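Visitor: I have a structure here, written as structure tokens, and I will follow up with some questions on it.
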Amino acid sequence: SVEDLITIYKMYVLPTLEYGAVIWSSSISKNQSQSLERVQKRALRIIAYPHLLPYTDLLCKFNMQELSVGRVQLITNFAQSLLTSPRHRHFLPSTRQMLSDHSLRNSNHLDIPYCRTQRYKQSPIIYMCQLLNDLQSQNSW
């Protein structure tokens with residue numbers, strides 16, 4: 001049945017596509033992201049074979065989301081767990097409030113270190129800091 005095929009896809013294929021996404025998704029190219037998305041698109045079309053629906057309708061029908069959205073959620077959840085973990089908090093830089101005695105507008109934002117190279121700018125830690133700062137900005141409004 002279709003429900004069984006979706007369950008099998010979510011149990012076996014999707015974890016393979018998302019394996020290690022917290023580490024590699026900050027430096028993934030657009031072409032590589034589209035290749036991963038093509039796998040999910042093909043699998044959903046095979047599952048819903050007689051009904052040829054657009055990809056967005058298939059995602060809604062099977063209560064799923066695009067892989068790129070899922071990767072951002074995975075990284076955000078991981079970064080928030082790092083931020084609140086007393087054991088692993090040292091992986092992320094300090095907040096601006098910890099670095100300054102003054103009351104700053106963006107005092108809860110993480111202080112992003114200077115990135116001299118493009119490779120370091122695309123590293124997971126810098127990407128997580130940017131996501132957390134964006135999330136903090138959205139919550140403050």
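Visitor: Say we look at the stretch 7-23 and pick out the residues that are under 20 Å from the mean Cα position of the chain (by Cα) and open to solvent by 80 Å² or more (accessible area, probe 1.4 Å); which of these is nearest to P124 (Cα to Cα)?
Guide: Ranking the candidates gives I23 first.
Visitor: Would you check if there is a residue in the stretch 104-113 being at pLDDT 90 or above and closer than 19 Å to I125 by Cα? Reasoning before the result, please.
Guide: First pass over the stretch 104-113, keeping only residues at pLDDT 90 or above: none.
Within the stretch 104-113, none of the residues are at pLDDT 90 or above and closer than 19 Å to I125 by Cα.
Visitor: Let me ask something additional. Look at the stretch 82-95 and say how many of its residues are out of contact with any strand residue (DSSP E or B) (no Cβ under 8 Å at 6 or more places or on another chain) and surrounded by fewer than 16 Cβ atoms within 10 Å (Cβ to Cβ).
Guide: Going through the stretch 82-95 one residue at a time, the tally reaches 8.
Visitor: Further, regarding this structure: Check the stretch 39-48 and report whether any residue there is in contact with a helix residue (DSSP H, G or I) (Cβ under 6 Å, 6 or more places away or on another chain) and within 20 Å of D134 (Cβ to Cβ).
Guide: No, the stretch 39-48 has no match at all.
Visitor: Another one. Out of the residues in the stretch 51-81 meeting the condition of being open to solvent by 100 Å² or more (accessible area, probe 1.4 Å) and outside any helix (DSSP H, G or I), tell me which one is modelled with the highest pLDDT.
Guide: Ranking the candidates gives N63 first.
Visitor: Mind listing whichever residues of the stretch 37-50 are open to solvent by 40 Å² or more (accessible area, probe 1.4 Å) and part of a helix (DSSP H, G or I)?
Guide: Here is the first cut: in the stretch 37-50, the ones open to solvent by 40 Å² or more (accessible area, probe 1.4 Å) are 38-39, 41-42, 45-46, 49-50.
Once the filter is applied, which keeps residues that are open to solvent by 40 Å² or more (accessible area, probe 1.4 Å) and part of a helix (DSSP H, G or I), the stretch 37-50 yields R38, V39, K41, R42, R45, I46.
Visitor: Go through (1) more than 24 Å from L132 (Cα to Cα); (2) surrounded by fewer than 16 Cβ atoms within 10 Å (Cβ to Cβ) and name the single condition S33 misses.
Guide: S33 satisfies all of (1) more than 24 Å from L132 (Cα to Cα); (2) surrounded by fewer than 16 Cβ atoms within 10 Å (Cβ to Cβ) except (1).
Visitor: Now for a different question. Could you tell me which residue of the stretch 116-141 is nearest to the chain's Cα centre (by Cα), considering only residues that are at pLDDT below 85 and surrounded by 12 or more Cβ atoms within 10 Å (Cβ to Cβ)?
Guide: Within the stretch 116-141, the subset at pLDDT below 85 is 136-141.
Add one more test, that the residue is surrounded by 12 or more Cβ atoms within 10 Å (Cβ to Cβ), and what stays is 136-137.
Working: Q136: 16, S137: 18 Å.
Across the stretch 116-141, the extreme among qualifying residues is Q136.
The values are calculated or read from the model by the stated rules, or taken from the named source; none is laboratory data. This one's a predicted model, so the numbers in the text were calculated from it and none came from an experiment. A quick note on method: Cβ atoms are made from the backbone with ideal geometry, for glycine too, and the neighbour counts reach across all protein chains shown. Protein only, heavy atoms only, side chains kept; ligands, DNA and RNA dropped before computing areas. Shrake-Rupley method; radii C 1.70, N 1.55, O 1.52, S 1.80 Å.
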